[in-house]
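Q: Take this structure first; my questions come after.
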Ligand SMILES: Nc1ncnc2c1ncn2[C@@H]1O[C@H](COP(=O)(O)OP(=O)(O)OP(=O)(O)O)[C@@H](O)[C@H]1O
Ligand SMILES: [Mg+2]
């Protein structure tokens, strides 16, 4: 058996894992940002709707949602499993990112909004120029957690038939009867991806930190 | 709170199912011929029926058979690997045109999808460690041990229906694995006493894992294996059955069995 | 002839059944500095917030420069550009440097070009003596410096009137002086100001009029020398001397 080849086969799933993550995370961020703004500033009805969205999306195991959303998203439009899976994961993640951003928005004191309004800013402008930039900084750390979770959850798209790292490890494990090797390789790749991502975001956090006297 | 979630879920599922009803318009065979391509699903983690070789290419008994069937249908073949548990749903929802993955007929499955005529008949096997010292003379003796099985397979169904539901065996003693190789490992280290699987993969397992042997072989539930087809796709079913009959008559299938199943 | 910049008529504010103040009438003339005093919880902050429409009054009217800003449909964001507000706890935008704090209203609200906004912001910072701190973040400034930046931020919008809500009461005693100095200079430059404060030294020296608010209405108002020495009501004098002593002590303690 050619171990090198098998490792290479598993590693070539990394492209899928990274692509799925690179679609799901920004999509989740985009939706999460909009939803969290609706939640915090949208008035009673929207707050209610967003709260239900959040509860439902976070209350169901991601794999179940993935299945439901896969068949829903690509019910009539012919989406490939890759796109359906990525979009589904993005939608799942949007609920978590919405909560992260909502928490960050709420942690910017309401007085900042008042001060912005006091110089004649509209609500929208104050949210854009005053609240979001401050919330963004507070969100980086928890967001880094969510990024790690999405990287790992991206393996769930294997259930739709996307040949990412985990599915390849399973196939190698079945074909070589060497599960340890296969899964250790997969685990190491995931670890590296999460590690690098977290370091990058740590760096961003440090760079964005607002200077203050000790 | 709980009720609200259930309600929302029900709505989502309702939308989903409503969406799916519209999917099955026009014959699947027409669609395949129009596209000049058949999309076939398999779970390539079940040697020697379907697995990947060192180049990452799918090979195996089912794979080679399907390639011949597609050739005779005069269409290109597009493989779609996915976990075994997803295959039936994928056929049902039209994500794939059919699936070949060592499927046995069962009534439950027949309510969701259709089956081709059987293309091969396999047996069930019980695997134990060389040191196994329990009494095992009839299959039902499995009820007295910790048993492992691949989840969703017909062996799982047999154990559940004949032993667990019949009250012979406690649910706690039955471990369901996503893949059969996981179960083989647990058998080796003693987390389970017996592994039940299809006979062909069982042969592969005992030859590749040290200290394992087959203690019992027989046709309990497995028996014939078939290709899974969309519900109601009569013309496709007829076409596939015709080709299977030809291949059987020509000795193609027997030759394949010799190639993959005799070690 | 005095020119009224701010006119408040019969203004009433309730939170639920709780009447914060009722039927407030007052006029602030151009170039005047009027000081509001009163016990804690009488609604001084609420009154200022009602005047620049950050809070809606329940009834009554407000005119700014002869235009009724409480009229239905009036553009509130527009009003606030012309009414500067300085808060007790500064409320600088934490993520922006001193310069950007002053600049942001100019570039995002007044839509000035970047170089114009920057020049104007720098000029305002210079006015409060902080040109050398332009690139410091709020967290790197003392409380007194932060409050001066906040004043510059409000001034940058060229307001018709400046509202101050206890601008020095969150400051350490040794930092109060620099802020009062800036305000004194502003008053001398002819800025129209309405100031809630307990700094009686400032009130006596700078203000044209003191308004004594208690339990939701104006008890008495008049020039400082009248209110301090010959008030109509005994409790006005009592309150004035009480806070003079209280805050005077605090200042000399340090
Ligand atoms: N948003 C609100 N909802 C309900 N009650 C409020 C609200 N804001 C203020 N109040 C109440 O209105 C009253 C007046 O508050 P305000 O802050 O205007 O008083 P103040 O005179 O500025 O007092 P201080 O000297 O302590 O600053 C207080 O009793 C306060 O509890
Ligand atoms: Mg107050």
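No value in this document is a laboratory result; all are computed from the given coordinates. Nothing here was measured: the structure is a model prediction, and the numbers come from that model. No Cβ is skipped: glycine too gets one built from the backbone with ideal geometry, and neighbour counts run over all protein chains shown.
Q: Which of the three applies to chain A, rounded, prolate or oblate, going by the alpha-carbon gyration tensor with a ≥ b ≥ c and a/c under 1.5 meaning rounded? Walk me through the numbers on the way to the answer.
A: Working: a/c = 3.33, a/b = 1.76, b/c = 1.89.
Note, shape of chain A comes out oblate.
Q: Return the single residue from C:48, C:240, C:91 with maximal mean-square fluctuation; model: Gaussian network over chain C, springs between Cα atoms under 10 Å.
A: It is C:91.
Q: With r as the distance between the Cβ atoms of residue B:214 and residue B:76 and R0 = 41 Å, compute the FRET efficiency 1/(1 + (r/R0)^6) and round to 0.05. Can you show the working numbers first?
A: Numbers: r = 39 Å, r/R0 = 0.96.
For residue B:76 and residue B:214, the calculated efficiency is 0.55.
Q: What value, in deg cm²/dmol to 500, does the helix sum -39500 (n - 2.57) over DSSP H runs of n ≥ 4 give at 222 nm once divided by the residues of chain B?
A: Values: 10 runs with 108 residues, N = 263.
Only helices count here, giving -12500 deg cm²/dmol.
Q: Of A:14, A:55, A:197, which is the most mobile in a GNM of chain A whose springs link Cα atoms less than 10 angstrom apart?
A: Largest GNM mean-square fluctuation: A:55.
Q: Hey, fewest Cβ within 10 Å first, where do C:168, C:12 land in order? Each step should come with its number before you reach the end.
A: Values: C:168 25, C:12 17.
Exposure proxy ranking, most exposed first: C:12, C:168.
Q: Which angle from 0 to 90°, rounded to the nearest 10, does the C-alpha axis of helix B:61-73 make with the longest principal axis of chain B?
A: Helix B:61-73 and the main axis of chain B meet at about 20 degrees.
Q: So, by mean Cβ neighbours within 10 angstrom, what's the order for A:141-147, C:219-225 with the highest one leading?
A: Details: A:141-147: 18.3, C:219-225: 16.0.
Descending packing order for the listed peptides: A:141-147, C:219-225.
Q: Something else: Using a 10 Å cut-off around each Cβ of peptide B:93-101, what is the average number of partner chain Cβ atoms that fall inside? Don't skip to the answer; put the middle values down first.
A: Values: counts 5, 3, 10, 2, 0, 0, 0, 0, 0.
Counting other chains' Cβ atoms within 10 Å and averaging over B:93-101 gives 2.
Q: Going by how many other beta carbons lie within 10 Å of each one, how would you line up A:33, A:46, fewest first? Write down the numbers at each step before the final one.
A: Working: A:33 21, A:46 15.
The order, fewest Cβ neighbours first, is A:46, A:33.
Q: Follow-up. Just to verify a number: FRET efficiency for residue B:165 and residue B:235, C-beta to C-beta distance, R0 = 45 Å, to 0.05?
A: Result of the calculation: an efficiency of 0.75.
Q: Let me ask another. For the stretch B:172-245 and the stretch B:27-92, what is the centre-to-centre distance using only Cα atoms, to the nearest Å?
A: Centre-to-centre distance over Cα atoms comes out at 18 Å.
Q: Return the FRET efficiency for the residue pair residue B:133, residue A:184: r is the Cβ-Cβ distance, R0 is 30 Å, and the value is rounded to the nearest 0.05.
A: Working: r = 34 Å, r/R0 = 1.13.
With R0 = 30 Å, the Cβ-Cβ based efficiency is 0.35.
Q: Quantify how much of the Cα-Cα distance distribution of the protein assembly as shown extends past 35 Å, in percent. Intermediate results must be reported in sequence, preceding the final value.
A: Numbers: 162536 of 266815 pairs.
In whole percent, the long-distance tail amounts to 61.
Q: Okay, moving on. What spacing in nm lies between the two simple spin-label points modelled at residue A:5 and residue A:18, each 7 Å away from Cα in the Cβ direction?
A: Between residue A:5 and residue A:18, the label points sit 2.5 nm apart.
Q: Running a GNM on chain B with Cα contacts under 10 Å, which residue among B:44, B:166, B:76 ends up with the highest mean-square fluctuation?
A: Comparing B:44, B:166, B:76 in the GNM, the peak value goes to B:166.
Q: Let me ask something else about it. Could you work out, residue by residue across A:106-117, how many beta carbons of other chains sit within 10 Å of that residue's beta carbon, and then give the average as an integer?
A: Details: counts 0, 0, 2, 3, 0, 4, 5, 2, 6, 13, 7, 7.
Taking the mean over all residues of the peptide, I get 4.
Q: For chain C, what does the alpha-carbon gyration tensor say about shape, rounded, prolate or oblate, given a ≥ b ≥ c as the root eigenvalues, a/c under 1.5 as rounded, and a/b over b/c as prolate?
A: Numbers: a/c = 1.83, a/b = 1.23, b/c = 1.48.
It comes out oblate by the Cα gyration axes.
Q: Sticking with this one: Please give the helix A:43-59 orientation as an angle from the longest Cα principal axis of chain A, in degrees from 0 to 90, rounded to the nearest 10.
A: Its long axis makes an angle of about 20 degrees.
Q: So what's the back-of-envelope 222 nm ellipticity for chain A, counting only DSSP H runs of four-plus at -39500 (n - 2.57) apiece and dividing by all residues, rounded to 500? Let's see the in-between values first.
A: Values: 10 runs with 170 residues, N = 214.
Result for chain A: -26500 deg cm²/dmol, rounded to the nearest 500.
Q: In nm, to one decimal, how far is the modelled label at residue A:198 from the one at residue B:186, with both set 7 Å along Cα→Cβ?
A: The two pseudo-label positions are separated by 3.0 nm.
Q: Mind running the shape call on chain B? Use the C-alpha gyration tensor, a ≥ b ≥ c as the square roots of the eigenvalues: rounded below 1.5 for a/c, prolate if a/b tops b/c, oblate otherwise. Working shown, then result.
A: On the way: a/c = 2.08, a/b = 1.25, b/c = 1.66.
Cα axes put chain B in the oblate bin.
Q: The stretch C:159-212 to the stretch C:73-103: how many Å between their Cα centroids?
A: Using only Cα atoms, the two centres lie 18 Å from each other.
Q: Give me the distance between the Cα centres of the stretch C:10-62 and the stretch A:107-156, rounded to whole Å.
A: Answer, in whole Å: 33.
Q: Mind checking the alpha-carbon convex hull of the stretch B:216-263 and giving the volume per residue in Å³?
A: Working: hull volume 5.0 nm³, N = 48.
Considering the Cα atoms of the stretch B:216-263, their hull volume per residue is 104 Å³.
Q: Return C:239, A:183, C:164 ranked ascending by Cβ neighbour count within 10 Å, so the fewest neighbours appear first.
A: A:183, C:239, C:164
Q: Another question, then. Hey, what did the stretch C:16-91 get for relative contact order, percent, Cα under 8 Å, at least 6 apart?
A: On the way: 32 pairs, mean separation 13.9, N = 76.
Dividing the mean separation by the residue count of the stretch C:16-91 yields 18 percent.
Q: Helix A:14-41 versus the longest principal axis of chain A: what angle, 0 to 90°, nearest 10, using Cα atoms?
A: Helix A:14-41 and the main axis of chain A meet at about 20 degrees.
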